[in-house]
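Colleague: Right, I'll just put the structure down here and ask away after.
The values are calculated or read from the model by the stated rules, or taken from the named source; none is laboratory data. Quick caveat: nothing in here was measured; it's all calculated off a predicted structure. We place every Cβ from the backbone using ideal geometry, glycine too, and count neighbours over all the protein chains shown.
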Amino acid sequence: MRFVLDASAVLEGDPNPDDELFTVPGVMLELRSQDAQTALERLSVTVRKPGNDALRRARAAAERTGDSHRLSETDTALIALALEEGVPLFTNDFSIQNTCRELGVPYVSPRDEITRSFRWELMCRDCGKRLERAGECPVCGGESRIRRTKQRR
């Protein structure tokens with residue numbers, strides 16, 4: 001089988017060393033601990049960056065679900081690489097799984113998988129205004145918070 005690996009798949013999962021495994025440079029930077037290095041030694045992992053088109057599609061999907069505020073650049077790159085390679089993404093991150101589901105990208109989890117998809121939005125904690133980006137509300141100066149807006153199956 002072929003998989004794209006998140007750091008959690010290496011640390012908590014048990015990828016088969018006989019599988020064809022891919023990841024992105026950001027994951028390799030996250031895997032600096034001795035345990036991670038030991039786990040990586042038994043795996044043959046191809047490290048590569050996804051193309052710009054796949055990155056744009058992954059970012060757009062994360063915007064649609066509202067997960068863009070929760071995903072790092074590394075997370076987005078993983079989704080884009082799985083989309084580009086047409087292979088499952090091995091992760092336990094719910095925001096990654098939610099975005100993958102939006103794109104129709106299969107995923108596998110070493111622990112729990114999401115059972116429903118969610119949409120998220122930024123709101124002002126004080127006045128309730130919907131916000132475009134995290135930080136201070138331009139209306140009242142209150143703090144932003146992420147709120148689940150609707151549930152999808």
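Colleague: Among the residues of segment 88-113, write down those that are of a type outside the set (A, V, I, L, M) and in a loop (DSSP other than H, G, I, E, B).
Modeller: PRO88, THR91, ASN92, ASP93, GLY104, PRO106, SER109, PRO110, ARG111, ASP112, GLU113
Colleague: What residue, of ARG119, ARG145, is modelled with pLDDT under 90 and out of contact with any helix residue (DSSP H, G or I) (no Cβ under 8 Å at 6 or more places or on another chain)? Give the steps one after another, and end with the answer.
Modeller: Values: ARG119 fails: out of contact with any helix residue (DSSP H, G or I) (no Cβ under 8 Å at 6 or more places or on another chain).
Being modelled with pLDDT under 90 and out of contact with any helix residue (DSSP H, G or I) (no Cβ under 8 Å at 6 or more places or on another chain) holds for just one of ARG119, ARG145, which is ARG145.
Colleague: Can we say THR99 is within 20 Å of MET28 (Cα to Cα), β-branched (Val, Ile, Thr) and surrounded by 14 or more Cβ atoms within 10 Å (Cβ to Cβ)?
Modeller: On the way: within 20 Å of MET28 (Cα to Cα): no; β-branched (Val, Ile, Thr): yes; surrounded by 14 or more Cβ atoms within 10 Å (Cβ to Cβ): yes.
No, not satisfied.
Colleague: If you don't mind, there's one more thing I want to ask. If GLU63 satisfies every condition in (1) more than 19 Å from PHE3 (Cα to Cα); (2) in contact with a Gly (Cβ under 6 Å, 6 or more places away or on another chain) but one, which is the exception?
Modeller: Just one mismatch for GLU63, condition (2).
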